[in-house]
Amino acid sequence: MSLITVKHAKKMYKMGDEEFFALNDVSFSIEEGEFVAIMGTSGSGKSTCMNMLGTLDKPTSGEYYLDGADVFSMTPDELSDIRNNKIGFVFQGFNLISRTSAIDNVCMPMIYKGIPESERYKRAREALKIVGLENKENNMPSQMSGGQQQRVAIARAIVNDAPLILADEPTGNLDTKTSIDVMEFFVNLNQKFGKTVVLVTHEPDIAEYTKRILKFKDGQIVSDLPKEEWIKQRNRET
């Protein structure tokens with residue numbers, strides 16, 4: 001079953017008298033349990049697409065169905081519920097609250113759901129254990145490395161058991177070794193826990209951790225390939 005279905009999405013901006021399409025008639029679907037990379041150079045449309053998938057931005061026209069629900073017909077309150085229950089976000093800049101401990105950062109999404117405090121901390125501890133930070137729950141972000149902070153962000157993204165994880169350049173601020181560690185957690189979330197993971201990256205080495213690559217250029221999808229086929233095509237081009 002398709003968790004994500006996008007049909008003929010367009011996002012148009014006006015620059016003076018000219019029209020610019022950040023997305024230009026984009027259509028694709030992503031099945032439950034897939035691990036997908038969205039690639040492209042700056043200005044290709046990949047970030048606009050990610051914002052649309054996260055319901056953070058609405059295209060000029062088109063359709064978007066998430067878990068069977070018509071996203072673009074929803075009210076702001078309904079969109080907020082979708083973001084809190086169906087989507088876990090991981091950002092390049094971690095987006096942790098600096099004066100708040102790791103466990104309290106992970107608890108944040110559950111506060112908005114009205115989950116009792118004892119249950120919040122129980123689930124937060126379980127999420128931190130999944131990402132290997134059970135001994136860092138009382139640490140502040142400033143007391144953790146970049147990789148550890150990103151793992152706290154991953155724990156926060158999964159604590160509400162959202163079926164979809166959206167990761168926007170999740171290794172962009174990390175060194176190579178730490179990037180490998182973080183990507184292995186995403187692989188584990190996909191393979192062991194069945195999460196659907198969609199990540200934006202401009203790095204081919206990071207895309208190779210996924211199973212399918214959507215390549216954007218000038219607001220359009222120019223290729224949509226399984227990883228093995230994408231690697232073959234890349235090798236032919238280099």
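Modelled with pLDDT of 95 or more and of a type in the set (Lys, Arg), is that true of Arg212?
Against the criterion (modelled with pLDDT of 95 or more and of a type in the set (Lys, Arg)), Arg212 qualifies.
The rows are residues; the columns are (1) under 18 Å from the mean Cα position of the chain (by Cα); (2) part of a loop (DSSP other than H, G, I, E, B); (3) acidic (Asp, Glu).
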site: Ile4; (1), (2), (3): yes, no, no
site: Lys10; (1), (2), (3): no, no, no
site: Glu19; (1), (2), (3): no, no, yes
site: Ala22; (1), (2), (3): no, no, no
site: Phe28; (1), (2), (3): yes, no, no
site: Gly33; (1), (2), (3): yes, yes, no
site: Ala37; (1), (2), (3): yes, no, no
site: Ser42; (1), (2), (3): yes, yes, no
site: Cys49; (1), (2), (3): yes, no, no
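Is it fair to say Phe89 is buried (at least 19 other Cβ atoms within 10 Å of the Cβ), on the phi > 0 side of the Ramachandran plot and not in a helix (DSSP H, G or I)? No: the conditions fail for Phe89. Contact map, the range 182-194: first residue closer than 16 Å to Val36 by Cβ and free of Cβ contacts under 8 Å to residues at least 60 places away in the same chain, second residue surrounded by 13 or more Cβ atoms within 10 Å (Cβ to Cβ) and of a type in the set (Lys, Arg), Cβ cut-off under 9 Å, separation 6 or more or different chains; pairs are Leu189/Lys195. Total residues in the range 12-23 satisfying the condition of being more than 20 Å from Val198 (Cα to Cα) and either of a type in the set (Ser, Thr, Tyr) or crowded, with 16+ Cβ neighbours inside 10 Å (or both): the figure is 2.
Residues are listed down the side, and each one gets a yes or a no for (1) among the hydroxyl-bearing types (Ser, Thr, Tyr); (2) without any contact (Cβ under 8 Å) to a residue 40 or more places away in the chain:
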position: Ser44; (1), (2): yes, no
position: Thr55; (1), (2): yes, yes
position: Pro59; (1), (2): no, no
position: Glu63; (1), (2): no, no
position: Asp67; (1), (2): no, no
position: Asp70; (1), (2): no, yes
position: Gly93; (1), (2): no, no
position: Ser101; (1), (2): yes, yes
position: Asp104; (1), (2): no, yes
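Quick check, is Thr55 assigned to a helix (DSSP H, G or I), crowded, with 19+ Cβ neighbours inside 10 Å and either of a type in the set (Gly, Ala, Ser) or at pLDDT 90 or above (or both)? Spelling it out, it is not the case that Thr55 is assigned to a helix (DSSP H, G or I), crowded, with 19+ Cβ neighbours inside 10 Å and either of a type in the set (Gly, Ala, Ser) or at pLDDT 90 or above (or both).
When the residues of the range 93-114 are narrowed to those that are surrounded by fewer than 17 Cβ atoms within 10 Å (Cβ to Cβ) and under 26 Å from Leu66 (Cβ atoms), which ends up modelled with the highest pLDDT?
Met108
The values are calculated or read from the model by the stated rules, or taken from the named source; none is laboratory data. Being a predicted model, the structure only gives us computed values, none of them experimental. We place every Cβ from the backbone using ideal geometry, glycine too, and count neighbours over all the protein chains shown.
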